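One structure follows; several queries about it will come next.
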């Protein structure tokens, strides 16, 4: 077999082109009533594009009723090893210097929405399977590469697959960083309402998706020019509208809801400015003060659940999306809770706190945590392979992000992110769910070599 590093060097342009072809598709998952495109036309295009890439490589492409798809490589046995990736992305949002769906390749990186999460990350794992096939490797087990269309919006795609198709014996999910993510916090989404009638606050909006810290928030107020100037002095932007109204805007720093450190919630920033300014009437001011308390930290204190455990660290929470119109303020809350948390006790406390501040819970959606013992032999083997190639001494970790691992009976998150101290664009740009999302090409190539050895190790382990 040709050395994996030499092979991927020769295939680098093809890998980049395939990633870019996928990034060009604005595959934001939406709910439809169309059985031919249950998650929207763009997600269907991304699914078909991925399957076409796999067909070009010689794999058997299977479309699973347009919910998801897979690429199959038959081995000596029917037992399958899975690799699970997704082709849907979060909305682009604002603050980009580069076009989010017109990929830019420069200075050794690919920039575009989905370049990292998860189009580039999953494709490099597919290329590792392709390498084994291309170089004549004879797998003991069959390999299945899965591509989903709604990972970012509730994972209905993989729920459909696991309900209707047999799961692989063991799977890796290339949607994290190395070495091995052996656990994920639970994810709780809450939609709540607050009713008020204000003569000053006419409109409020913040955020674009539940699982991101909002980078921009705006409010429409009926105020005077002097009051608008007061808001500007506190750090907001004021734009005059007709009929004595002003649009007041605050900018924050976006981040994935699972990793809010270093971010700044625009909703909280605007709520603080409005509350401190004294321009609101009593009804609107009470709401803004409540928001300041509920989202004054990222670690559950505002909701009465400042949980922490030794295994998975601190609970985190953010206000993902908020909107006020016609007397109703809608607030979405995204919570990542510890693997040892008492769910029933937690939700009871949160409901009491929200009720205390005037909110009524309208919907909850819970995705339970998952955990695999770090001492499992296959987990230790994957960590060993990763550390050997990277020259590191990394250990397993548990995170607040949610991947397909939590929906599978026997899976772990495994790369391709490579931990590094310095990011090219700092903390507010470049990451997953942030503007100017990017992936390092050399990191992908390093991950490819790790995946090649890992897939062979998995093949041998599952066959035992």
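Compute the label zone of residue 355 within the range 311-348: residues whose backbone N is under 17 Å from the point 7 Å along Cα-to-Cβ.
Within reach of a label on residue 355: 344-348.
Hey, another quick one. Using only helices, what value at 222 nm comes out for the chain when you add -39,500 (n - 2.57) per DSSP H run of length 4 or more and divide by the total residues, to the nearest 500 deg cm²/dmol? Provide the component values of the computation, followed by the final result.
Details: 10 runs with 147 residues, N = 464.
Helix contribution divided over all residues of the chain: -10500 deg cm²/dmol.
I would also like to ask the following. Under a plain spin-label model, where a point goes 7 Å from the Cα along Cα-to-Cβ, how far apart in nm are residue 162 and residue 276?
4.5 nm
From the Cα gyration tensor of the range 11-139, with a ≥ b ≥ c the square roots of its eigenvalues, which class applies: rounded if a/c is under 1.5, or else prolate if a/b is larger than b/c, or else oblate?
Numbers: a/c = 2.60, a/b = 1.28, b/c = 2.03.
Because a/c hits 1.5 or more and a/b fails to exceed b/c, the range 11-139 counts as oblate.
Something else about it: Just rank 293, 129, 253, fewest to most, by other beta-carbon atoms within 10 angstrom.
Working: 293 15, 129 24, 253 20.
Ascending Cβ contact count within 10 Å gives the list 293, 253, 129.
While we're here: Kindly state, to the nearest 0.05, the FRET efficiency for residue 283 paired with residue 348, given R0 = 22 Å and r defined as their beta-carbon distance.
Working: r = 28 Å, r/R0 = 1.28.
Efficiency, rounded to the nearest 0.05: 0.20.
Using Cα atoms only, what is the angle between the long axis of helix 441-463 and the major principal axis of the chain, expressed in degrees (0 to 90) to the nearest 10?
So the helix axis and the longest Cα principal axis differ by about 60 degrees.
Rounding to the nearest 10 and keeping the result within 0 to 90°, find how far the Cα-based axis of helix 266-277 lies from the longest principal axis of the chain.
Roughly 10 degrees between the two axes.
What full-extension length gain, to one decimal in nm, is calculated for residue 102 and residue 76 as 0.36 nm per residue of separation minus the Cα-Cα distance?
On the way: separation 26, 0.36 × 26 = 9.36 nm, distance 4.17 nm.
Here the segment from residue 102 to residue 76 would lengthen by 5.2 nm.
To the nearest 0.05, how large is the calculated FRET efficiency for residue 133 and residue 363 if R₀ is 35 Å and r is the Cβ-Cβ distance? Numbers along the way, then the final one.
Numbers: r = 45 Å, r/R0 = 1.28.
About 0.20, to the nearest 0.05.
Next question. Suppose the chain between residue 12 and residue 34 were pulled fully straight at 0.36 nm per residue; how much longer would it get relative to their current alpha carbon spacing? Mind dumping the intermediate values first?
Working: separation 22, 0.36 × 22 = 7.92 nm, distance 3.73 nm.
Stretched fully, the residue 12-residue 34 segment lengthens by 4.2 nm.
In what order do 365, 433, 14 fall by count of nearby beta-carbon atoms within 10 Å, going from fewest to most?
Details: 365 11, 433 26, 14 15.
The fewest-first ordering by Cβ neighbours comes to 365, 14, 433.
What is the gain in length, in nm to one decimal, between residue 243 and residue 380 on full extension, counting 0.36 nm per residue of separation less the C-alpha to C-alpha distance? All intermediate terms of the calculation are to be shown ahead of the outcome.
Working: separation 137, 0.36 × 137 = 49.32 nm, distance 6.60 nm.
Full-extension gain reported as 42.7 nm.
Here's another thing I want to ask about it. Classify the range 100-246: rounded, prolate or oblate, from the alpha-carbon gyration tensor (a ≥ b ≥ c, eigenvalue square roots; a/c under 1.5 rounded; otherwise prolate if a/b is larger than b/c)? Display every interim value, and only then the final one.
Details: a/c = 3.92, a/b = 2.29, b/c = 1.71.
Note, shape of the range 100-246 comes out prolate.
Can I ask one more? Compute the angle between helix 282-294 and the longest alpha-carbon principal axis of the chain, please, reported from 0 to 90 degrees and rounded to the nearest 10.
Helix 282-294 and the main axis of the chain meet at about 30 degrees.
Quick one: Cα centre-to-centre distance for the range 147-186 and the range 297-347, in angstrom?
The distance from the Cα centre of the range 147-186 to that of the range 297-347 comes to 23 Å.
Once the Cα gyration tensor of the range 186-367 is diagonalised, what are the square roots of 5 times its eigenvalues, in whole Å and ordered largest first, as equivalent ellipsoid semi-axes? Could you put the intermediate results ahead of the total?
On the way: eigenvalues 182, 55, 31 Å².
Working from the Cα gyration tensor, I get semi-axes of 30, 17, 13 Å.
Still on this structure, please answer the following. Compute the Rg to Rh ratio over the range 273-335 from the alpha carbon atoms, using the Kirkwood formula for Rh, and round to two decimal places. Walk me through the numbers on the way to the answer.
Details: Rg = 14.1 Å, Rh = 13.1 Å.
Reported Rg/Rh, Kirkwood definition of Rh: 1.08.
In whole Å, what is the distance between the alpha-carbon centres of the range 109-124 and the range 367-395?
23 Å
Turning to a different aspect of this structure: If each residue's Cβ is checked for other Cβ atoms within 10 Å, how do 126, 274 rank with the fewest at the top? Can you show the working numbers first?
Values: 126 24, 274 29.
Placing the least packed residue first, the sequence is 126, 274.
FYI, it's all coordinate maths here, none of it is from the lab. Keep in mind that this is a model prediction, so the values were computed, not measured. Every residue, glycine among them, receives a Cβ derived from its backbone with ideal geometry; neighbour counts consider all protein chains shown.
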